[in-house]
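To start, the structure itself, in C-alpha cells.
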Amino acid sequence: MSEGNTYKGACFCGAVEIAVTGAPVAMGYCHCDSCRKWSAGPVNAFTLWQPDAVVVTKGADNIGTYNKTPQSYRKWCKTCGGHIFTEHPTMGLTDVYAAVIPGFSFNPGVHVHYGETVLHIKDGLPKLKDLPKEMGGSGASMAE
Ligand SMILES: [Zn+2]
Ligand SMILES: [Zn+2]
C-alpha cells in the first residue's frame, strides 16, 4: 500500500502517535506571526505532505483542533498540549512539525513569511517575503 519510508512521530507525552510515509512536498522554516504565537517559538520548522501521507496511529480522539483562519487547522495533544501537525485545506497539504518526527531527515529549502521574522537566519537559503506564487503569495525574495 505505501511506497517509500515511513517515519514515526509523537506528541510531547506520547499519547498521540503519527506516521508519515514517502517524501514531503516542501520543507523549510516559517517566520509568520501566527506560527510564532501558537508555538511560542521564534520560527516553525515545517514539512508539508500530501494529506494521505500523514496517518494518526494512536490517540486520534486525544487531538484538539483550533482554526483561527480557514487556511490552518492546528492540531495538538489534549493531554500535554504538544503540537502535532496543521492541516492547510485550502493548500491541500498537511504541515507536520519537523520536531515531532525526529527520525526524518529535515532538509529545509526555503524560509517563508520572512517579512515577519524576529530571528534572522543567515544560512544562505532563499528568503521569501511571504509565500511562493504557486501557494498564493507574492513570491518576492528578501535579503537575509
Ligand atoms: Zn501528548
Ligand atoms: Zn507560519
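The values are calculated or read from the model by the stated rules, or taken from the named source; none is laboratory data. Keep in mind that what you see is a predicted model, and the values were worked out from it rather than measured. Please note: Cβ atoms are built from the backbone with ideal geometry, for glycine as well, and neighbour counts cover all protein chains shown. The area values use the complete protein model at the heavy-atom level, side chains included, leaving out ligands, DNA and RNA. Shrake-Rupley method; radii C 1.70, N 1.55, O 1.52, S 1.80 Å.
For the reader, a short list of remarks on this structure follows.
- Restricting attention to region 64-81, the residues that are crowded, with 18+ Cβ neighbours inside 10 Å and within 15 Å of ligand 1 (Cβ to nearest atom) total 4.
- Among (1) surrounded by 20 or more Cβ atoms within 10 Å (Cβ to Cβ); (2) of a type outside the set (Val, Ile, Thr); (3) free of Cβ contacts under 8 Å to residues at least 12 places away in the same chain - the single one GLY139 does not satisfy: (1)
- Given (1) on the phi > 0 side of the Ramachandran plot; (2) open to solvent by 40 Å² or more (accessible area, probe 1.4 Å), number of the condition GLY22 does not satisfy: (2)
- Of the criteria (1) more than 10 Å from ligand 2 (Cβ to nearest atom); (2) in contact with a strand residue (DSSP E or B) (Cβ under 7 Å, 6 or more places away or on another chain); (3) farther than 23 Å from LEU125 by Cα; (4) in contact (Cβ under 8 Å) with a residue 40 or more places away in the chain, which one ALA60 fails: (2)
- Those residues of region 28-53 which are near ligand 2 (Cβ under 8 Å from one of its atoms) and basic (Lys, Arg), in sequence order: ARG36
- Condition check for GLU134: open to solvent by 60 Å² or more (accessible area, probe 1.4 Å) and farther than 21 Å from TRP49 by Cβ: no
- Of the set (1) part of a strand (DSSP E or B); (2) surrounded by fewer than 20 Cβ atoms within 10 Å (Cβ to Cβ); (3) more than 16 Å from ligand 2 (Cβ to nearest atom), all apply to CYS13 but (1).
- Options LYS58, LYS68, LYS75; residue that is under 13 Å from GLY9 (Cα atoms) and of a type in the set (Lys, Arg): LYS58
- Cβ-Cβ under 6 Å pairs, at least 6 apart or on other chains, region 45-57 side assigned to a helix (DSSP H, G or I), far side open to solvent by 20 Å² or more (accessible area, probe 1.4 Å) and of a type in the set (D, E, K, R): none
- Every condition in (1) more than 16 Å from ligand 1 (Cβ to nearest atom); (2) in contact with a strand residue (DSSP E or B) (Cβ under 8 Å, 6 or more places away or on another chain); (3) over 23 Å from LYS127 (Cα atoms) is met by LYS8 except one, and the failing one is (1).
- Residues being farther than 14 Å from CYS32 by Cα and acidic (Asp, Glu) - total across region 96-137: 2
- Only a single criterion out of (1) crowded, with 17+ Cβ neighbours inside 10 Å; (2) away from ligand 1 (no atom under 16 Å from the Cβ) is not satisfied by VAL55, namely (1).
- TYR114 vs. criteria touching a Lys or Arg at 6+ places or on another chain (Cβ under 7 Å) and of a type in the set (Phe, Trp, Tyr): yes
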